[in-house]
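These notes are about the structure you will find just below.
Derivation of every value follows stated rules applied to the coordinates shown; laboratory data play no part. Everything numeric here is computed off the predicted structure, so don't read it as measured data. Positions of Cβ are generated from backbone atoms using ideal geometry, with glycine treated the same way; all protein chains shown enter the neighbour counts.
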């Protein structure tokens, strides 16, 4: 399944999981796709998600950003009076849209821009709506929420502005299936693995496969952006690493469902050594610096010597070496030696994979990092972020320095707003920039 449709699948799966838990829940569908094209730009979607941030922090609302720029929000124990003010803020932002200007919105009542749902009263109606919406999005068609048919295929316009009927497309709307259709992977060949946990046998198979693999060809890059208020995004770092899920897909034609931190650490050392030995380019034409994932063991190996020699006369101060928190804590002596080595050479260090609550607990300065990278936690924000926690994280970000703290895993526009709540201004994830091949 492509990244484009992953948010749709997550939404459908999430709603299905609420079948017996609809009590007190409401949902809204904000249809940015109904507006003119200029109002579908990314900064309008980010603003819309940001406008809903109070519902995320106060009620633990869940927001889904869809491929057609729409937003679906599901929230528990929030009244219509709680939900409507943020929606009005969005309407005011989009007031230049002819659609918004033509509407006279009534609180809690559906219109061409917002659809409301009470899951406690009609869960099945909402479930059907979401399934029809997902079918339309997967087909790349326009969703029609006012008709029995989920979507229709549009005929292209002629040069004179008159619709021409395509030869192979019927004029009647295409009938959507009644149930959400989910594509399942074809069974992998006998020499590959199905989805499974990481265990010693699988680790051995992966390392054998990597022995003859083109490691450098699996490297990906992604921009880390500074986002302050509603200003333009500015690239700060270009991060380079091998996404683990991509590696598993290429080698195994499947997924590894769970991580064993000790076996995973061995695999990370192996990958980091191979990556460094491949001497990837660390140029950073469009950012202030570049970063690459390493481990303490890899830095202390001959692979790092090859990497350092390949850098040549380029300034090491513009290269950031990213160490994972588990690697640092599990191998403190090796990390102390590795960090001293790279700092003496002029490189800078980033400490990655920290939960925001772990960030509060550790003495960051002792790790000698120039950057610290927090990971946006899975699940409801309300499960880990209370008002006092938010204030504490904000204070620590201010003490460490906003220019040093990165929030990783920002795959939805609302994640950026969450970072702003904690005082963070540097972001990484699909909501900020796509992963790209080197």
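Here are some notes:
- Relative exposure of 133, 438, 263, 198, judged by other C-beta atoms within 10 Å (fewest first): 438, 263, 198, 133
- For the stretch 376-420, the residues whose amide N sits under 16 Å from a probe point set 7 Å from the Cα of residue 77 along the beta carbon direction are 380-388.
- Of all beta bridges that DSSP places with both ends in the stretch 196-437, some 30 percent have antiparallel geometry.
- Panel order for 131, 9, by other beta carbons found within 10 Å of each beta carbon, from fewest to most: 9, 131.
- For the stretch 21-73 versus the stretch 211-228, the gap between their alpha-carbon centres in whole angstrom: 29
- Exposure proxy ranking for 337, 233, 225, 94, based on other Cβ atoms within 10 angstrom of each Cβ and starting from the fewest, stands as 337, 233, 94, 225.
- Distance from the alpha carbon centroid of the stretch 322-341 to that of the stretch 406-433 works out to 26 angstrom.
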